[in-house]
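Have a look at the structure below before the remarks.
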Amino acid sequence: MTQHVSVVINSASGSTSDISEEIRQKLTRAGYPGPAIYNCAPDELDDAFKRVLADETDLLIIFGGDGTCKAGAVCAREKSIPVITLPGGTMNILPKALYGTTDWQDALDLALSQDAPRWMAAGQVNDQLFFVAMILGEPTKISNMREELREGHIIEAIKQVPEVIDAVTSGEVFEYAIDGSPYIRDANALLLSCPYMATGAQNPSMFELATVPPMTLTSVLGVGAKTLITDWRESGHVRVGDAQKLEVIGSGKFDILLDGEPHTVDAPITVTLLEQGVQVLAPHLNSTPSESV
């Protein structure tokens with residue numbers, strides 16, 4: 001039984017507020033012990049996670065944006081304890097995938113109603129982890145425009161269309177291998193979705209791999225700007241399959257998005273699936289996949 005609960009709140013995330021007293025009351029009503037609560041500014045988060053790693057915490061609750069949720073999941077994996085990620089940012093990718101809501105109270109209620117934690121898969125890119133999806137390549141800019149549209153910033157999204165078209169038509173092309181076999185076609189964007197984190201990612205032991213081939217301006221115009229921005233994975237130009245391991249061949253630096261957060265990695269790049277990525281107090285994912293990145 002849970003004995004020591006820690007709550008880490010990123011006070012600077014997009015939609016967070018100080019929920020300390022509310023979350024304390026919810027935990028008490030659910031029969032949990034009083035939590036240790038860290039309401040942190042961004043520069044205090046690392047210290048909070050170090051304290052969690054060093055103490056007797058056996059359940060970690062995170063309230064913040066995508067970066068904070070991912071950091072909390074990494075901390076929970078290192079400590080071998082379950083995590084609850086509550087939506088407190090702008091995109092809320094992982095909380096939406098786990099609990100199907102952007103309301104932190106509903107997410108917490110659903111989490112606390114579970115009888116036991118379960119394993120959730122994770123991806124590992126060289127030495128970095130992700131729990132929902134990875135996009136690699138120049139068209140990571142597409143994700144920025146999707147968020148503008150989700151927030152209702154139509155004009156700002158439209159302004160970025162030329163940059164996205166340039167990325168898709170002239171972005172750096174790279175070669176890759178799937179499960180040890182070189183793939184003969186080049187791509188300038190790859191999307192790897194963890195199990196149950198995208199519509200087609202229903203194999204618990206495989207990534208769903210979607211690849212965007214180099215495209216001419218004519219083919220981009222045929223796809224249409226709206227499809228490029230919002231539903232590029234559904235385009236007929238995108239190839240979709242399964243993979244346990246992906247290797248990007250070559251050298252140099254690549255832009256990637258890990259659970260919606262931008263990073264840069266050095267090639268050659270190896271991405272592997274960890275079926276036991278992190279323990280989560282959440283329902284099993286088998287019927288309601290989330291939008292990824």
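Couple of notes before you dig in:
- Checking the stated criteria, Q124 turns out to be surrounded by fewer than 24 Cβ atoms within 10 Å (Cβ to Cβ), under 20 Å from P195 (Cβ atoms) and at pLDDT 95 or above.
- Checking E78 against (1) more than 22 Å from A121 (Cα to Cα); (2) modelled with pLDDT of 95 or more, the condition it does not meet: (1)
- Residue satisfying all of: in the range 32-90; in contact with a Gly (Cβ under 7 Å, 6 or more places away or on another chain), outside any helix (DSSP H, G or I) and of a type outside the set (A, V, I, L, M, F, W, C); surrounded by the most Cβ atoms within 10 Å (Cβ to Cβ) among these: T85
- Filtered residues of the range 47-56 (kept if more than 20 Å from D18 (Cβ to Cβ) and touching a strand residue (DSSP E or B) at 6+ places or on another chain (Cβ under 9 Å)): D55
- Filter pass, L94 being within 16 Å of L281 (Cα to Cα) and within 20 Å of the chain's Cα centre (by Cα): yes
- Against the criterion of being surrounded by 16 or more Cβ atoms within 10 Å (Cβ to Cβ), at pLDDT 70 or above and part of a strand (DSSP E or B), L209 qualifies.
- Residue in the range 3-24 that is modelled with pLDDT of 95 or more, buried (at least 24 other Cβ atoms within 10 Å of the Cβ) and either of a type in the set (F, W, Y) or closer than 21 Å to L258 by Cβ (or both) present: yes
- Any hit, the range 38-53, residues being closer than 25 Å to A12 by Cβ and of a type in the set (V, I, T): yes
The values are calculated or read from the model by the stated rules, or taken from the named source; none is laboratory data. No experiment lies behind these values; they were computed from the predicted model shown. Positions of Cβ are backbone-derived with ideal geometry, glycine not excepted, and every protein chain shown enters the neighbour counts.
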